[in-house]
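Student: Here it is: the structure, laid out below.
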Amino acid sequence: MAPYESDDATAAAQDEDLRSGRRKAARYVVPVAVVGVAAATIGLVPALADSGNPDLPKITAQQLIEKIAKSDVQQLSGTVKVSTDLGLPNLGGLESSLVSGAAQGGGDGSSADPKSKLTELVTGTHTLRVAADGPDRQKLSLLESGAEYSLVHDGKDVWGYDSKSNEVYHGTAADSGKEHRAEPPATPKDFADEALKSVDDTTSVTVDGTVQVAGRDAYKLLIKPKQSGTTVGAISIAVDAKTGQPLKFTLTPKSGGAAVLDAGFTQVSFAKPAASTFDFTPPKGAKVTEDKQESKAPGHAPKPGEDFAKGMDGATVLGKGWTSIATFDTGSKGGLPSGSKGGAFGGFLGSLGDQVSGKFGKGTVFSTRLVNALITDDGKVYAGAVTKDALVKAANEAK
Amino acid sequence: MSRAEALQTRAGRRPSPLWTFGLLRSELVTTLRRWRTLALLAVLAAVPVLVGIAVKLETRGGSTAGPGGGDGPAFIAQITNNGLFLVFTALAATLPFFLPMAVGVVAGDAIAGEAGSGTLRYLLVAPAGRTRLLLTKYTTVMAFCVLATLVVAVSALIVGALLFPLGELTTISGTRISFAEGLGRALLIALVVAASLVGVAALGLFVSTLTNSGIAAMATTVGLLITVQILDQIPQLHALQPYLFSHYWLSFADLVRDPVYWDDLVKNLGLQALYAAVFGSAAWARFTTKDISA
């Protein structure tokens, strides 16, 4: 290296070089080993922590359903992870701004309004915190990066607080009876209730072993549609063995792949939450929006899955069970403004769907991984958790 | 540096634990006396002042901060409620770039700067041993992480107290905590932010052992920092992102929730420890086997 040394390089020096080279290499083993150990830990710890399925007494599907129905968990707190993958393009901020824009059109929009926040749950993965103490006091918080949206129901009051914009929404629960729920459907229990409503002769219900969720032993209830033509593959619900509280809800599409909807507790406690949890006073300087209409319970938002269709007004339902299809008339002849008629925007919408034709005429099918919708050129809409062919068939029969 | 070392060397050939402290002290003093370090700290202290004044001016008419939707750094809308939130906002604003850049400059310069100015070999003449010198350098860089974070936090606290009301604060979960507890959380957040920089510090130190040019090491470290930040924004790389050192940086905000949400905080600290271990040992392997020619 130094210019004066290179002239008399001896064999001894070369030997020295070789040894020091080996020593050098040996030292680099340390960082490599650290990386190896870390990779092994990351790979192995979850596998080791998954200590197999818990050993629970055998139970029939009927007993398990009764257990869920009887379950009367009044006090609970925990963290829920909700992942939704409808196969919609991830619109991110665009989607929520569209929705809040719509909300603003309808009245004095506040970003703390529960209705404008709910739609965020439709795509992506979200972490929620839930706490409940009896029917009168519930809290649901949506954890965002560096911010949080909280919805607190405390007796008569329903508060929504969006920490990102520092805005408060205040509504009153006119009748804080037992029926009233201030929470949007987000917990595994809400989804499970919806799924169990649909259990009839078109469905097979089985107990599919046991599983551990959030450190608790649970039974796995597997609900499978018997009918063909639906896009729903299976619904699996993990039910807490002790309390009967659904802990995890997974809806997989028939097409396979990742779950369309996966909501599960990552941590749960059945102890009474601290009273201060439900205590909310608007912070100084926050903009408070009062809800003028008397308690329009913010719980009735369109839910993903089979409830999707019910949210639409004036819809008639064709068929039954899993293959039921909601249909309604938009009244606008011509269906989608497509091509030259609707300008660039119409062409854009049309390109998102597939053109189909049948006895009913022509139409466009918009598909997601779960729900498909057919909009015919004469302005009728058919939608349901069914395959494209089933939609076309329904449209043909309706003619 | 070399003057202080020479004095230390005369005291005796046998390295004692006390001697290590002497080395650390002289390292700290030289690092903090540099104009460059002071300028970095001044820039960091100016950020909360700017944010505070901007929010104060914008909310003068009684309107809330931010254009409704609440863009900008986290917590910016809450500053008007409570000046303590300026601490959180300032840390959220400086953590993605200013803080790690300052740390990258100090860490990148640690070894390469000495080598570049020809003082490294004199340092090694002293009976410190390369491992000990490296540890001292790393400790100095980490001390700078804590100092830089505290400079931001204290400056923000002072500006917040002057411009905005203090008192009971509303957490982002909507619950209330006392001012004392809020102050405690602010301190905890400052420490977590400082700990978030440990990974960059180790990376910078490793880069610093690779070259004899201080500027090259600083530029590489800051360049890597920017690259990682960009990679963290690309959705297609989501499988890789949990292993990028900056991925969980903003998890310190979870300390302002009530109850605190620990998951991401723990992941962040674990990731920083991993980076410190990997690049710290890589820096050790490189530095202890390197030919020191300058």
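Student: Is it fair to say B:Val260 is surrounded by fewer than 16 Cβ atoms within 10 Å (Cβ to Cβ) and part of a helix (DSSP H, G or I)? Break it down stepwise before answering.
Tutor: Details: surrounded by fewer than 16 Cβ atoms within 10 Å (Cβ to Cβ): yes; part of a helix (DSSP H, G or I): no.
When the stated conditions are applied, B:Val260 does not pass them.
Student: Let me ask something else about it. List pairs: first in the range B:158-178 and more than 8 Å from every other protein chain (Cβ to nearest Cβ) and without any contact (Cβ under 8 Å) to a residue 12 or more places away in the chain, second of a type in the set (Asp, Glu) and open to solvent by 50 Å² or more (accessible area, probe 1.4 Å), Cβ under 9 Å, 6+ apart or cross-chain?
Tutor: Once the first residue is more than 8 Å from every other protein chain (Cβ to nearest Cβ) and without any contact (Cβ under 8 Å) to a residue 12 or more places away in the chain and sits in the range B:158-178, its partners that are of a type in the set (Asp, Glu) and open to solvent by 50 Å² or more (accessible area, probe 1.4 Å) give B:Ser178/B:Glu168.
Student: Sticking with this structure for a sec: If you check A:Phe265, A:Phe270, A:Phe280, A:Phe249, which single one turns out to be closer than 25 Å to A:Gly155 by Cα, open to solvent by less than 30 Å² (accessible area, probe 1.4 Å) and at pLDDT 80 or above?
Tutor: Working: A:Phe265 fails: closer than 25 Å to A:Gly155 by Cα; A:Phe270 fails: open to solvent by less than 30 Å² (accessible area, probe 1.4 Å); A:Phe249 fails: closer than 25 Å to A:Gly155 by Cα.
The conditions single out A:Phe280.
Student: Let me ask another. Those residues that are β-branched (Val, Ile, Thr), in a strand (DSSP E or B) and in contact (Cβ under 8 Å) with a residue 60 or more places away in the chain, I need them from the range A:195-236; list them, please. Working first, answer last.
Tutor: Narrowing the range A:195-236 to residues β-branched (Val, Ile, Thr): A:199, A:202-203, A:205-207, A:210-211, A:213, A:223, A:230-232, A:235.
If we keep only those that are in a strand (DSSP E or B) too, we end up with A:203, A:205-207, A:210-211, A:213, A:223, A:230, A:232, A:235.
The answer is A:Thr203, A:Val205, A:Thr206, A:Val207, A:Thr210, A:Val211, A:Thr230, A:Val232.
Residue-wise test of (1) among the aliphatic types (A, V, I, L, M); (2) out of contact with any Phe, Trp or Tyr (no Cβ under 7 Å at 6 or more places or on another chain).
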{"site": "A:Thr127", "(1), (2)": "no, yes"}
{"site": "A:Ala131", "(1), (2)": "yes, yes"}
{"site": "A:Glu144", "(1), (2)": "no, yes"}
{"site": "A:Asp154", "(1), (2)": "no, no"}
{"site": "A:Val158", "(1), (2)": "yes, yes"}
{"site": "A:Val168", "(1), (2)": "yes, no"}
{"site": "A:Thr172", "(1), (2)": "no, yes"}
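Student: Further, regarding this structure: Which helices (runs of 4 or more DSSP H) does the range B:94-210 wholly contain that include 2 or more residues that are closer than 30 Å to A:Leu151 by Cβ and open to solvent by less than 10 Å² (accessible area, probe 1.4 Å)? Can you show your working first?
Tutor: Values: elements: B:98-116, B:120-125, B:130-163, B:179-196, B:198-210.
Ranges flagged: B:179-196.
Student: Give all pairs with beta carbons closer than 7 Å in which a residue from the range A:269-294 that is more than 7 Å from chain B (Cβ to nearest Cβ) and assigned to a loop (DSSP other than H, G, I, E, B) meets a residue that is modelled with pLDDT under 75 and exposed (fewer than 14 other Cβ atoms within 10 Å of the Cβ); count only pairs at least 6 apart in sequence or on separate chains.
Tutor: These pairs meet every condition: A:Glu294/A:Ala174.
Student: Being open to solvent by 20 Å² or more (accessible area, probe 1.4 Å) and either within 14 Å of A:Ala69 (Cβ to Cβ) or out of contact with any Asp or Glu (no Cβ under 7 Å at 6 or more places or on another chain) (or both) is the filter here, so list the residues in the range A:192-205 that pass it. Don't jump to the end; show me each part of the working.
Tutor: Taking the range A:192-205 first, the residues open to solvent by 20 Å² or more (accessible area, probe 1.4 Å) are A:193-194, A:196-201, A:204-205.
A:Asp193, A:Glu194, A:Leu196, A:Lys197, A:Val199, A:Asp200, A:Asp201, A:Ser204, A:Val205, listed by residue number.
Student: Moving to a separate point now. Is it the case that A:Asp208 is surrounded by fewer than 23 Cβ atoms within 10 Å (Cβ to Cβ), more than 21 Å from the chain's Cα centre (by Cα), modelled with pLDDT of 85 or more and charged (D, E, K, R)? Give the steps one after another, and end with the answer.
Tutor: Numbers: surrounded by fewer than 23 Cβ atoms within 10 Å (Cβ to Cβ): yes; more than 21 Å from the chain's Cα centre (by Cα): yes; modelled with pLDDT of 85 or more: no; charged (D, E, K, R): yes.
Taking the combined requirement at face value, the residue does not satisfy it.
Student: Taking A:Arg369 as meeting all but one of (1) at pLDDT 75 or above; (2) out of contact with any Pro (no Cβ under 7 Å at 6 or more places or on another chain), write down the number of the exception.
Tutor: (2)
Student: Regarding the range B:238-250, can at least one residue be identified that is in contact with a Gly (Cβ under 9 Å, 6 or more places away or on another chain) and either farther than 30 Å from B:Ser178 by Cβ or among the charged types (D, E, K, R) (or both)?
Tutor: The answer is yes; a qualifying residue exists.
Student: Would the range A:384-394 turn up any residue that is out of contact with any Phe, Trp or Tyr (no Cβ under 6 Å at 6 or more places or on another chain), over 30 Å from A:Asp262 (Cα atoms) and outside any helix (DSSP H, G or I)? Please lay out each step first, then the result.
Tutor: Restricting attention to the range A:384-394, the residues satisfying the condition of being out of contact with any Phe, Trp or Tyr (no Cβ under 6 Å at 6 or more places or on another chain) are A:384-390, A:392-393.
From the residues that got through so far, the ones that are over 30 Å from A:Asp262 (Cα atoms) too are A:393.
Filter again for outside any helix (DSSP H, G or I), leaving none.
The answer is no, given that none of the residues of the range A:384-394 is out of contact with any Phe, Trp or Tyr (no Cβ under 6 Å at 6 or more places or on another chain), over 30 Å from A:Asp262 (Cα atoms) and outside any helix (DSSP H, G or I).
The values are calculated or read from the model by the stated rules, or taken from the named source; none is laboratory data. Being a predicted model, the structure only gives us computed values, none of them experimental. Note that we place each Cβ from the backbone using ideal geometry, even for glycine, and neighbour counts take in every protein chain shown. Quick note on the areas: whole protein, heavy atoms, side chains included, nothing else; ligands and nucleic acids left out. Shrake-Rupley method; radii C 1.70, N 1.55, O 1.52, S 1.80 Å.
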